[in-house]
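The values are calculated or read from the model by the stated rules, or taken from the named source; none is laboratory data. Not measured: the values here are computed from a predicted model. Using ideal geometry, Cβ is built from the backbone for each residue, glycine included, and neighbour counts are taken over all protein chains shown.
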Amino acid sequence: MQYIAYGRIQPERAAVFFEEVKLDFSGKGYLRVKCDAGQLTAIFDWDGNDVVGAKLTIEHFAQMIASSLGFSLNCGYSVELISVHQVGSEGGPYTFGVKAPNDAPEDQLLVFNDALLFAVKNVYFRLALRDYMRAITDQHDCAFYCFRTLEAISKSFSSKPGVNGWDEMHSALGSCKDDIISKIKNYADPVRHGNWVEAPGLNNAQRKDMLGYTQSILMAFLKYGS
């Protein structure tokens, strides 16, 4: 299967440019990536029949190229892949949005106002929200950021010396140690410790469950602190 992808290297104002880079996957396919004025184009030949899987692979290696270029210039670049088209398919390009796979909270305006007010007065909630946003947008490191979200919340309950806050968080918010381990920590730990080779794969259903659970604890913390 051949996939054509379009995206940007952010910040777009940097107008990043590099000639086509071709990566050969040992006879299992190849990827060609180029960028002109921050506009990214990629052609991916792969034996898989999965637009989402193609997107994640292209994004991963495009970020590798952007990171290498950024390192050489001492600049921070990130890849945003916008759409992927499977050549020969009946449908048009698949455009990737910013919405998480889990459901949004009900009464959006009320949640927004309450979250903003609580974030102003509680730095743990403020930074937990920031990591949750990263978990939504960064599919590769979703588990890492979900765990860091919960870790930030736990720290808000560790005001006394020798108290790590996890047990206090479970008692106050109704979270569960076993659920956190099975849904998030087991996926996050290898990445947290720099052991990328041992990191288990994460499918869409697992990511939805992970984000949904993290969201539920954030909502419980918001209700607790409001």
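Within the stretch 145-161, does at least one residue satisfy the condition of being exposed (fewer than 15 other Cβ atoms within 10 Å of the Cβ), in the same structural domain as residue 126 (by TED's automatic domain parsing) and among the aliphatic types (A, V, I, L, M)? No, every residue in the stretch 145-161 fails to be exposed (fewer than 15 other Cβ atoms within 10 Å of the Cβ), in the same structural domain as residue 126 (by TED's automatic domain parsing) and among the aliphatic types (A, V, I, L, M).
Name the one entry in 213, 124 that is touching a Ser or Thr at 6+ places or on another chain (Cβ under 7 Å) and farther than 23 Å from residue 81 by Cα. It is 124. Here are some residues: 130, 126, 207. Which one is surrounded by 20 or more Cβ atoms within 10 Å (Cβ to Cβ) and assigned to a helix (DSSP H, G or I)? After ruling out the rest, the residue left standing is 207.
Evaluation of residue 163 against the conditions (1) touching a Phe, Trp or Tyr at 6+ places or on another chain (Cβ under 8 Å); (2) in a helix (DSSP H, G or I); (3) among the β-branched types (Val, Ile, Thr); (4) farther than 30 Å from residue 53 by Cα shows that the sole unmet condition is (2).
Quick test for you: out of 99, 55, 34, pick the one residue that is basic (Lys, Arg), surrounded by 11 or more Cβ atoms within 10 Å (Cβ to Cβ) and either under 20 Å from residue 142 (Cβ atoms) or within 22 Å of the chain's Cα centre (by Cα) (or both). Please lay out each step first, then the result.
On the way: 99 fails: surrounded by 11 or more Cβ atoms within 10 Å (Cβ to Cβ); 34 fails: either under 20 Å from residue 142 (Cβ atoms) or within 22 Å of the chain's Cα centre (by Cα) (or both).
Just a single option satisfies the conditions, and that option is 55.
The single residue among 26, 68 that is assigned to a loop (DSSP other than H, G, I, E, B), more than 16 Å from residue 138 (Cβ to Cβ) and among the small types (Gly, Ala, Ser) turns out to be 26.
Selection within the stretch 30-49: residues that are in a loop (DSSP other than H, G, I, E, B) and touching a strand residue (DSSP E or B) at 6+ places or on another chain (Cβ under 9 Å). The member of this set that is nearest to residue 201 (Cα to Cα) is 48.
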